[in-house]
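In what follows, a structure is listed as structure tokens, so that the remarks can point back to it.
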Amino acid sequence: MKISDAILSRLRAGGLTVMLIEHHVELVMAISDRVTVLDEGRVIADGAPSTVQSDPAVLAAYLGAPA
């Protein structure tokens, strides 16, 4: 079952907390207040989407950029 970002946004607006495990980065960044990024089962970044997106460890793990 595919859940749309509109449904997730409505749940969030209703005050519910949702734990989303997803690899669709645009969706995650658009609807999340907080993002935790794992690499090989280890937390490499945690925080606001804008902070996590520019984290050197995240860039290295997912885009191959030097850390």
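Residue-by-condition table, conditions (1) touching a helix residue (DSSP H, G or I) at 6+ places or on another chain (Cβ under 6 Å); (2) modelled with pLDDT of 90 or more; (3) not in a helix (DSSP H, G or I):
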residue: L11; (1), (2), (3): no, no, no
residue: M29; (1), (2), (3): yes, no, no
residue: T36; (1), (2), (3): no, yes, yes
residue: I44; (1), (2), (3): yes, yes, yes
residue: S50; (1), (2), (3): no, yes, no
residue: L59; (1), (2), (3): no, yes, no
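Hey, can you tell me all the residues within segment 13-27 that are of a type in the set (A, V, I, L, M, F, W, C), surrounded by 10 or more Cβ atoms within 10 Å (Cβ to Cβ) and assigned to a loop (DSSP other than H, G, I, E, B)? Within segment 13-27, V18, L20 qualify. Of the residues making up segment 31-47, those that are free of Cβ contacts under 8 Å to residues at least 24 places away in the same chain and on the phi < 0 side of the Ramachandran plot are S32, D33, R34, V35, T36, L38, D39, R42, V43, I44, A45, D46.
The values are calculated or read from the model by the stated rules, or taken from the named source; none is laboratory data. Please read these numbers as outputs of a predicted model, since none were measured by experiment. Quick reminder, even Gly has a Cβ in these numbers, built from the backbone with ideal geometry, and neighbours come from all protein chains shown.
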